[in-house]
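To start, the structure itself, in structure tokens.
Please treat every number below as a calculation from the coordinates, not as lab data. No experiment lies behind these values; they were computed from the predicted model shown. Neighbour counts run over all protein chains shown; Cβ positions are idealised from the backbone, glycine included.
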Amino acid sequence: MSITTEEFVQLVNDDIGVQVGASELEADFDALPGWDSLHLLKLVTALEKSTGRKVPVGRLLEARSLGEIHRLASAS
């Protein structure tokens, strides 16, 4: 099951607790207020629960933006 951009933004806002809009998905993590590595772990768990599929954690760790993570999760 693929996840749309709108669903991904809602997941980040609701499940991760980081408030972003679609326009901020390509921002580097360093530019996101309050972002830290724990958010990435929460996001992996939320994505796997939402899509019912494993996500490539190794590749996610190399990502520099939520947009990259969304593309990786949608492709897996």
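Assorted remarks:
- The chain: relative contact order in percent, alpha carbon pairs under 8 Å with at least 6 residues between: 40 percent
- Amide hydrogen neighbours beyond the local backbone of residue 20, cut-off 5 Å, H modeled: 13
- The chain - Debye-derived log10 I(q)/I(0), Cα point model, q = 0.19, 0.22 Å⁻¹: -0.69, -0.97
- Each of 66, 29, 52 was scored by the projection of its Cα onto the charge dipole of the chain, and the greatest displacement toward the positive side belongs to 52; charges sit on the C-beta of Lys, Arg, Asp and Glu.
- Placing +1 on each Lys and Arg Cβ and -1 on each Asp and Glu Cβ, with no other charges, gives the chain a dipole about its Cα centre of roughly 380 debye.
- Crossing angle, helix 66-75 versus the chain [Cα axis fit, 0-90 degrees, rounded to tens]: 10 degrees
- For the chain, adding -39500 (n - 2.57) for each run of n ≥ 4 DSSP H residues and dividing by the number of residues yields -14500 deg cm²/dmol at 222 nm.
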